[in-house]
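Enquirer: Quick one: the structure is below, and I'll ask about it shortly.
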Amino acid sequence: MVHDWIDTVTDAGRGLLERRLRLGITGLSSSGKTVLLTALVQALLHPERLQALAAVQEGRYHAAVLRPQPNQHLPRFPFEDNLAQLTQSTKWPPGTRRQSELRLSIRYRPTGLHGRLSDGVLHLDLFDYPGEWLMDLALLGHDHATWSSAVLEEMQQPQHEAAARDFREILADLDPDLPDADSEQKAMQAAEAFRSYLRQRQEQESRALLLHPGRFLLPGELEGAPVLTFTPLPPAKYDTAWRRRARSQDHSLRELMEQRFASYRDGIVRPFHRRHFMRLDRQLVLVDLLAHLSRGSEGLKALDHEMQSLQEALRIGRSWLPRRLRPGVDRVLFACSKVDHIPGDQHEILEGLLARSLAGSLRQTRFRGAETETMTLAALRATREVTQPESPNRRYVAGIPIDGQQEVAHYPGQLSLEGVPSDAFEVLTFQPPTGLSGGQAWPHIRLDRALQYLIGDRLI
């Protein structure tokens with residue numbers, strides 16, 4: 001819960017006015033959350049390149065320090081480990097595999113009368129979690145039957161038939177509505193085949209997927225727990241109530257999976273949503289739009305559907321109730337990440353495509369009372385722009401490919417506001433920039449504008 005000017009404390013004999021802000025960093029897998037959060041903290045610790053942040057530009061930003069986090073039950077975001085990897089190797093830090101939190105406190109001089117009396121401190125609590133868990137929020141609107149129907153319908157699409165073949169063969173051999181003393185073993189076998197299907201889908205699309213239980217792929221502390229052994233099932237072909245009464249007390253496979261789906265939804269997803277998402281004040285939603293564009297028109301169609309489901313689950317928006325009684329996100333930034341992978345003369349087009357793709361989500365979010373903004377950014381710039389003698393009017397991005405050793409100049413293709421590029425569009429993945437230091441500001445693109453939107457009004 002956020003409190004505006006909540007109290008006055010003594011620090012080295014001087015009164016400080018303190019505020020708190022809880023910022024969620026969300027996005028689907030491979031959108032760059034870990035790098036963004038690491039670079040965001042590094043930028044606030046070394047704010048020289050944050051000239052679009054008003055407090056820095058006006059000379060009112062004094063310093064930021066890492067502080068002990070208030071929540072003693074959440075892991076701490078591994079900022080120092082990520083910092084070491086980015087400054088000492090050519091590899092990006094590993095993606096988010098569990099929820100984590102980090103507190104960073106910013107000391108600044110307020111504007112107006114407050115600034116004449118004392119400095120202020122903004123305690124910024126940053127919350128990060130896997131993109132796979134983010135997609136679990138869509139399960140809150142389903143029971144086992146409706147979820148099964150949606151997932152099985154998705155499996156029937158031609159592009160997914162090969163990945164789903166083994167699981168569907170197992171389903172065909174089951175009668176889920178008969179009492180079965182071996183229902184536990186059959187559930188485990190079916191769940192493993194379903195998990196294999198999920199892995200193949202994620203590898204194919206390089207992202208978390210709507211309606212696919214995230215902890216099947218990143219179980220965390222639930223590794224091996226029975227609650228992760230459920231699967232979708234086809235509709236019952238007949239009424240089985242009389243069979244259950246006439247036979248033993250063994251559960252049917254359907255009963256077992258219905259119970260476990262409900263336990264997953266109500267015992268894991270719903271408390272996670274209540275404890276963390278409903279306490280957020282601001283939300284940064286990262287969108288890997290370039291990856292969607294690379295997948296063609298189907299990638300863009302999926303994007304707005306996913307974002308609408310997420311904003312519904314996150315309860316983005318204000319309420320007529322006081323904030324202490326019903327918290328809610330009041331400001332959301334939808335940001336296209338990794339914009340350094342395309343030339344700067346296409347950034348404006350990309351932002352237009354982002355706003356168009358998210359039109360439904362943005363409208364719903366504004367209707368709920370939250371402010372919204374779209375932006376393209378690169379939290380850590382890994383490329384530079386160059387030209388080539390043979391094409392002096394075309395701009396390229398130059399960097400070292402993730403699996404290479406020498407710098408290359410790459411032209412990804414031409415974006416258009418009309419939609420998906422007609423010709424081949426391909427973005428490369430680059431290594432982190434060389435020469436990074438833990439004691440200096442890092443190169444970025446519009447990270448300062450993002451911070452101004454997300455926290456700038458709390459530094460006045």
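The values are calculated or read from the model by the stated rules, or taken from the named source; none is laboratory data. Everything numeric in this text was worked out from a predicted model, so none of it was measured. With ideal geometry, Cβ positions are generated from the backbone for all residues, glycine too; neighbour counts draw on all protein chains shown. The accessibility values were calculated without ligands, DNA or RNA, using every heavy atom of the protein model including side chains. Shrake-Rupley method; radii C 1.70, N 1.55, O 1.52, S 1.80 Å.
Enquirer: If each residue of separation counts as 0.36 nm, what is the full-extension length gain between Glu169 and Glu348 once their alpha-carbon separation is subtracted?
Expert: Stretched fully, the Glu169-Glu348 segment lengthens by 59.6 nm.
Enquirer: What is the distance, in nm, between label points placed 7 Å from the Cα along the Cα-to-Cβ direction at Arg366 and at Glu385?
Expert: Using points 7 Å along Cα→Cβ, the separation is 2.9 nm.
Enquirer: Sticking with this structure for a sec: Just to verify a number: FRET efficiency for Glu426 and Ala359, C-beta to C-beta distance, R0 = 25 Å, to 0.05?
Expert: Given R0 = 25 Å and the Cβ-Cβ separation, E is 0.45.
Enquirer: Extension gain Leu16-Met188, at 0.36 nm per residue separation less the Cα-Cα distance, in nm?
Expert: Extending this stretch completely gives an extra 56.2 nm.
Enquirer: Which value, in Å² rounded to 10, gives the accessible area of Arg270 with a 1.4 Å probe and all protein chains present?
Expert: Here the accessible area works out near 90 Å².
Enquirer: Could you calculate the FRET efficiency of Ala84 with Ala162 from 1/(1 + (r/R0)^6), where r is the beta carbon distance between them and R0 is 51 Å, rounded to 0.05?
Expert: The computed FRET efficiency comes out at 0.80.
Enquirer: Once both labels are modelled 7 Å past Cα along the beta-carbon direction, what's the Ala63-Tyr411 spacing in nm?
Expert: If labels sit at Ala63 and Tyr411, their model points lie 5.0 nm apart.
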